[in-house]
Amino acid sequence: MSDRHPQTPPAVLKEQSTRGGRYYIPLDGTRATAELTWRRNPDGSITADHTYVPDEWRGQGLAHRLVDALMQDAQTLGWQVIPVCSYVRAASRRNPDWQALTANRPV
């Protein structure tokens, strides 16, 4: 952690609906959050479409924690993840355990 943010952020939280959802981390007691959004597809797969971490929190592994939560759920729930988000795509390529959970198809 940097000197700007001495406290460890809370655990990754999850919100979902029938259409999709997000994984998010509330930051430093403010309204700011780091988040990864996703949507459900008709074939049962999910599309990870966006990851965001505020500038002042970047470089601290928060985006990785969000993708890790997504991939843990994908494994538990039998989801196949379509990584439209460039960060999710890159992270899944670097992690052999996550590669089996992702679909490489044009979007």
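The values are calculated or read from the model by the stated rules, or taken from the named source; none is laboratory data. Since this is a predicted model, take the numbers as computed values, not measurements. Ideal geometry is used to build each Cβ from the backbone, glycine not excepted, and the neighbour counts take in all protein chains shown.
Could you figure out which of (1) at negative phi; (2) out of contact with any Phe, Trp or Tyr (no Cβ under 6 Å at 6 or more places or on another chain) isn't true of Ala48?
(2)
Specify the residue that is modelled with the lowest pLDDT; the eligible residues are those in the range 51-64 that are in a helix (DSSP H, G or I) and either touching a Phe, Trp or Tyr at 6+ places or on another chain (Cβ under 8 Å) or surrounded by fewer than 18 Cβ atoms within 10 Å (Cβ to Cβ) (or both). Please lay out each step first, then the result.
In the first step, residues of the range 51-64 are kept if they are in a helix (DSSP H, G or I); the result is 55-57, 62-64.
Now restrict to residues that are either touching a Phe, Trp or Tyr at 6+ places or on another chain (Cβ under 8 Å) or surrounded by fewer than 18 Cβ atoms within 10 Å (Cβ to Cβ) (or both): 55-56, 63-64.
Working: Asp55: 92, Glu56: 89, Ala63: 97, His64: 96.
Step by step, filter the range 51-64, then rank; the result is Glu56.
So, in the range 34-44, of the ones that are of a type outside the set (Lys, Arg) and surrounded by fewer than 18 Cβ atoms within 10 Å (Cβ to Cβ), which residue ends up farthest from Ala103 (Cα to Cα)?
Restricting attention to the range 34-44, the residues satisfying the condition of being of a type outside the set (Lys, Arg) are 34-38, 41-44.
Applying the additional criterion that residues be surrounded by fewer than 18 Cβ atoms within 10 Å (Cβ to Cβ) yields 41-44.
On the way: Asn41: 12, Pro42: 15, Asp43: 12, Gly44: 12 Å.
My answer is Pro42.
Hey, could you check the range 71-107 for residues that are touching a Lys or Arg at 6+ places or on another chain (Cβ under 9 Å) and touching a residue at least 40 places away in the same chain (Cβ under 8 Å) and say which is nearest to Ile46 (Cα to Cα)?
So, considering only residues that are touching a Lys or Arg at 6+ places or on another chain (Cβ under 9 Å) and touching a residue at least 40 places away in the same chain (Cβ under 8 Å), the one nearest to Ile46 (Cα to Cα) is Ile82.
Identify the single condition in (1) modelled with pLDDT under 95; (2) outside any loop (DSSP other than H, G, I, E, B) that Arg39 does not satisfy, given that it satisfies every other one.
(1)
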